Amino acid sequence: MQREEVIKIVNNFLVEEIEIEEDLLKEDALLKEGLHIDSLDFVDIVVIVEKNFGFKIKPEEMKDVKTLGQFYDYIAEKVK
Amino acid sequence: MKRVVITGMGIYSCLGKNLEEVTKSLYAGKSGIGIDPMRLEYGYRSPLTGIVERPALKGLLDRRSRVCLAEEGEYAYMATAEAIRNAGIDLDYLEKNEVGIFYGNDSSAKAVIEAHTTAMQYKDTQMMGSGAIFQSMNSTVTMNLSTIFKLRGVNMTISAACASGSHAIGLGLMFIRNGLQDMVICGGAQETSYLSMGSFDGIGAFSVRVDDPTKASRPFDRDRDGLVPGGGAATVILEEYEHAVKRGAPILAEVAGYGFSSNGANISQPSDHGSAIAMERALADAGVQAKDIDYINAHATSTLQGDAFEAMALDHLFTPYHTPISSTKSMTGHECWMAGASEIVYSNLMMQNSFIAPNLNFENPDEYSKNLNIVNKTQEKNIDIYLSNSFGFGGTNSALVIKKIK
């Protein structure tokens with residue numbers, strides 16, 4: 001799967017299911033401070049990612065994922 | 001001792017989604033009972049239920065609040081939002097003043113069953129998502145409402161089977177009367193999903209009169225064959241009288257008396273003696289006598305035994321006074337954990353509008369109800385003081401006496 005397609009799917013569920021304003025979805029947006037994704041939201045994101053991309057996010061792999069761009073990269077790497 | 005009044009009400013049930021709609025249904029004697037096809041597919045003996053539409057909360061509540069709300073919590077939110085508006089308060093008031101909550105709820109089965117199904121499918125509890133824990137606990141209604149409405153007072157769920165909502169109001173009365181709180185949100189909520197009532201259906205408690213759903217719930221009638229489950233939520237705002245006067249709040253009624261008892265006997269079979277004790281205590285607590293009661297909203301659910309035992313108790317206490325009696329469960333079905341609160345809202349609406357809603361389908365009395373003055377058609381009637389009964393599994397009994405403020 002190409003990175004562009006990952007971005008499209010991720011942005012879609014962040015807007016539709018996590019209800020984050022589309023304007024905030026920038027590559028350099030911080031997941032916690034910028035998009036206000038808290039630990040409970042992240043549980044739902046784990047569920048959505050597994051259903052959409054077919055793999056389970058491992059918390060230890062997310063340690064260095066701080067921005068939305070890094071999150072796209074993490075998923076793209078997993079599904080390439 | 002402080003006096004306690006009701007300064008706001010809200011309702012979301014099979015009779016309507018707000019006070020105005022419900023008042024019209026009560027006056028018209030309009031049943032809210034229908035058939036749920038999912039129950040047939042699931043293996044119920046009876047597909048009959050009160051038909052309650054899920055509210056659309058997107059736009060009213062943020063995502064986190066919605067994700068954590070179970071079905072009954074959604075109903076409770078709608079009823080409570082209406083009650084708060086009608087009490088003349090808002091979120092700003094709730095943030096600046098200490099307001100408590102006692103809400104009746106005794107199950108949240110859908111969330112539990114769905115979480116189990118997910119775990120079995122994925123073998124991974126994280127797949128249950130972030131809302132499952134907050135939806136599946138018995139205290140789901142109070143934990144959610146206290147968060148949404150920023151409550152900082154007493155905060156707990158009352159689980160007392162089909163008397164939960166009534167005991168919640170009784171406990172709110174006690175807390176305010178004793179000076180522990182100035183204002184408490186009280187109520188009851190009941191889920192209506194087919195996932196919530198299968199085990200109740202399984203013991204043969206439900207009516208199977210499916211040919212005409214509106215005829216199925218027939219409290220006190222000779223030909224009753226069981227109850228019809230219903231649901232939704234009802235909220236009343238209880239407030240200390242002087243506090244309400246000072247605030248310029250609308251004072252709708254006074255919660256004058258609360259009586260309780262436990263039968264200490266069979267888990268499912270009610271007791272005329274136990275229910276009479278609760279009624280007598282409520283009358284004594286209110287400082288009134290049986291002859292003073294203008295209307296009784298009976299617990300009567302349309303079960304053979306339950307109605308018979310309540311009829312015996314009512315006959316013993318009220319027959320000399322020919323007191324008008326009706327069970328609104330003839331229209332709503334048995335709203336279970338919610339019923340004790342919703343029937344206070346229904347009865348208050350009757351008191352405000354001077355009528356008694358009918359006990360639908362009471363066509364022929366049985367040997368127990370033959371002496372009772374059961375109102376089976378809408379009756380214009382001034383009500384100054386009424387009694388509301390609620391009884392539940394395990395022999396828990398609650399009775400409330402409510403007075404008009406003059």
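The values are calculated or read from the model by the stated rules, or taken from the named source; none is laboratory data. All values reported here derive from a predicted model rather than from experimental measurement. Reconstructed Cβ throughout: ideal geometry from the backbone, glycine too, with neighbour counts over all protein chains shown.
Across the stretch B:149-168, what is the total count of residues that are within 28 Å of B:Glu95 (Cβ to Cβ), buried (at least 23 other Cβ atoms within 10 Å of the Cβ) and aliphatic (A, V, I, L, M)?
Here the count works out to 2.
Does at least one position in the stretch B:55-69 carry a residue that is of a type in the set (Asp, Glu), under 22 Å from B:Ser136 (Cα atoms) and in contact with a Pro (Cβ under 8 Å, 6 or more places away or on another chain)? Outline the logic, then answer.
Residues of the stretch B:55-69 of a type in the set (Asp, Glu): B:62.
Of the ones still in play, those that are also under 22 Å from B:Ser136 (Cα atoms) are B:62.
From what is left, the residues that are in contact with a Pro (Cβ under 8 Å, 6 or more places away or on another chain) are none.
Among the residues of the stretch B:55-69, not one is of a type in the set (Asp, Glu), under 22 Å from B:Ser136 (Cα atoms) and in contact with a Pro (Cβ under 8 Å, 6 or more places away or on another chain), which makes the answer no.
Identify the residue in the stretch B:361-390 that is under 21 Å from the mean Cα position of the chain (by Cα) and among the aliphatic types (A, V, I, L, M) and, among all such residues, is surrounded by the most Cβ atoms within 10 Å (Cβ to Cβ).
Here the answer is B:Leu387.
Taking the stretch B:227-270 as the search range and keeping residues that are in a strand (DSSP E or B) and charged (D, E, K, R), which one is farthest from B:Glu191 (Cα to Cα)? Give the steps one after another, and end with the answer.
Of the residues in the stretch B:227-270, the ones in a strand (DSSP E or B) are B:227, B:229, B:232-240, B:253-262.
Filter once more, so that each one left must be charged (D, E, K, R): B:239-240, B:254.
Working: B:Glu239: 27, B:Glu240: 31, B:Glu254: 29 Å.
Ranking the qualifying residues of the stretch B:227-270, first place goes to B:Glu240.
If you scan the stretch B:233-251, which residues turn out to be farther than 16 Å from B:Gly165 by Cα and crowded, with 23+ Cβ neighbours inside 10 Å? Spell out how you get there, then give the answer.
We begin by selecting, within the stretch B:233-251, every residue farther than 16 Å from B:Gly165 by Cα; these are B:239-251.
Within the stretch B:233-251, B:Glu239, B:Ala244 meet the criteria.
Looking at B:Ile185, B:Ile176, which is the one that is at pLDDT 95 or above, crowded, with 24+ Cβ neighbours inside 10 Å, of a type in the set (A, V, I, L, M, F, W, C) and more than 15 Å from the chain's Cα centre (by Cα)? Can you show your working first?
Numbers: B:Ile185 fails: more than 15 Å from the chain's Cα centre (by Cα).
Selected residue: B:Ile176, the only one of B:Ile185, B:Ile176 that is at pLDDT 95 or above, crowded, with 24+ Cβ neighbours inside 10 Å, of a type in the set (A, V, I, L, M, F, W, C) and more than 15 Å from the chain's Cα centre (by Cα).
Among the listed residues A:Ile37, A:Ile48, which satisfies the condition of being within 14 Å of chain B (Cβ to nearest Cβ), under 21 Å from B:Phe134 (Cβ atoms) and not in a loop (DSSP other than H, G, I, E, B)? Reasoning before the result, please.
Numbers: A:Ile37 fails: not in a loop (DSSP other than H, G, I, E, B).
The match here is A:Ile48.
Mind listing just one residue for me: the one in the stretch A:62-73 that is free of Cβ contacts under 8 Å to residues at least 60 places away in the same chain and under 11 Å from the mean Cα position of the chain (by Cα) and, of those, farthest from the other protein chains (Cβ to nearest Cβ)?
If we filter the stretch A:62-73 for residues that are free of Cβ contacts under 8 Å to residues at least 60 places away in the same chain, which is where we start, we get A:62-70.
Now restrict to residues that are under 11 Å from the mean Cα position of the chain (by Cα): A:62, A:65-70.
Working: A:Met62: 13, A:Val65: 17, A:Lys66: 21, A:Thr67: 22, A:Leu68: 18, A:Gly69: 23, A:Gln70: 21 Å.
It comes out as A:Gly69.
May I ask you to list pairs of residues, at least six apart or on different chains, whose Cβ atoms are under 9 Å apart, with the first in the stretch B:292-320 being of a type in the set (Ser, Thr, Tyr) and the second being buried (at least 24 other Cβ atoms within 10 Å of the Cβ) and modelled with pLDDT under 95?
Hits for this filter: B:Thr303/B:Pro270.
Name the residues in the stretch A:51-61 that are surrounded by fewer than 16 Cβ atoms within 10 Å (Cβ to Cβ), assigned to a helix (DSSP H, G or I) and either within 14 Å of chain B (Cβ to nearest Cβ) or in contact (Cβ under 8 Å) with a residue 12 or more places away in the chain (or both), would you? Walk me through how you get there before you give the answer.
Within the stretch A:51-61, the subset surrounded by fewer than 16 Cβ atoms within 10 Å (Cβ to Cβ) is A:51-52, A:54-56, A:58-61.
With assigned to a helix (DSSP H, G or I) added as a condition, the list becomes A:51-52, A:59-61.
A:Lys51, A:Asn52, A:Pro59, A:Glu61, listed by residue number.
Is one or more of the residues making up the stretch A:15-29 in a helix (DSSP H, G or I), in contact with a Ser or Thr (Cβ under 7 Å, 6 or more places away or on another chain), within 12 Å of another protein chain (Cβ to nearest Cβ) and closer than 22 Å to B:Gln126 by Cα? If you could, list the steps in order and put the result at the bottom.
To start, the set of residues in the stretch A:15-29 that are in a helix (DSSP H, G or I) comprises A:15-16, A:22-24.
With in contact with a Ser or Thr (Cβ under 7 Å, 6 or more places away or on another chain) added as a condition, the list becomes none.
No, every residue in the stretch A:15-29 fails to be in a helix (DSSP H, G or I), in contact with a Ser or Thr (Cβ under 7 Å, 6 or more places away or on another chain), within 12 Å of another protein chain (Cβ to nearest Cβ) and closer than 22 Å to B:Gln126 by Cα.
Which count do you get for residues in the stretch B:273-291 that are surrounded by fewer than 19 Cβ atoms within 10 Å (Cβ to Cβ) and touching a helix residue (DSSP H, G or I) at 6+ places or on another chain (Cβ under 6 Å)?
Residues meeting the conditions: 2.
Which of the residues that make up the stretch B:118-146 are away from chain A (no Cβ under 14 Å) and assigned to a helix (DSSP H, G or I)? Give the derivation first.
First, the residues of the stretch B:118-146 that are away from chain A (no Cβ under 14 Å): B:120, B:136-142, B:145-146.
The answer is B:Met120, B:Ser136, B:Thr140, B:Val141, B:Thr142, B:Leu145, B:Ser146.
Anything in the stretch A:1-14 that is loosely packed, with under 12 Cβ neighbours inside 10 Å and in a loop (DSSP other than H, G, I, E, B)? List them, or say none.
A:Gln2
Quick test of your reading of the structure: A:Glu77 fulfils all but one of (1) assigned to a helix (DSSP H, G or I); (2) surrounded by 15 or more Cβ atoms within 10 Å (Cβ to Cβ). Name the failing condition by number.
(2)
Quick check on this structure: which one of B:Thr319, B:Thr323 is surrounded by fewer than 20 Cβ atoms within 10 Å (Cβ to Cβ) and within 16 Å of B:Met279 (Cα to Cα)? Steps first, answer last, please.
Working: B:Thr323 fails: surrounded by fewer than 20 Cβ atoms within 10 Å (Cβ to Cβ).
After applying the criteria, what remains is B:Thr319.
Mind checking whether some residue in the stretch A:18-41 is touching a residue at least 40 places away in the same chain (Cβ under 8 Å) and polar (S, T, N, Q)?
no
List the helices (runs of 4 or more DSSP H) inside the stretch B:271-356, counting only whole elements, that have at least 1 residues being out of contact with any Cys (no Cβ under 6 Å at 6 or more places or on another chain) and closer than 26 Å to B:Ala28 by Cβ. I'd like the intermediate steps shown before the answer.
Values: elements: B:272-286, B:304-318, B:329-332, B:339-353.
In the stretch B:271-356, B:304-318, B:329-332, B:339-353 are the helices (runs of 4 or more DSSP H) which contain 1 or more residues that are out of contact with any Cys (no Cβ under 6 Å at 6 or more places or on another chain) and closer than 26 Å to B:Ala28 by Cβ.
Whether any residue in the stretch B:108-116 is assigned to a loop (DSSP other than H, G, I, E, B) and within 20 Å of B:Arg66 (Cα to Cα) is what I want to check.
Step one: filter the stretch B:108-116 for residues assigned to a loop (DSSP other than H, G, I, E, B), giving B:108.
Cutting the leftovers down to within 20 Å of B:Arg66 (Cα to Cα) gives us B:108.
Within the stretch B:108-116 (the criterion being assigned to a loop (DSSP other than H, G, I, E, B) and within 20 Å of B:Arg66 (Cα to Cα)), the answer is yes, since at least one residue qualifies.
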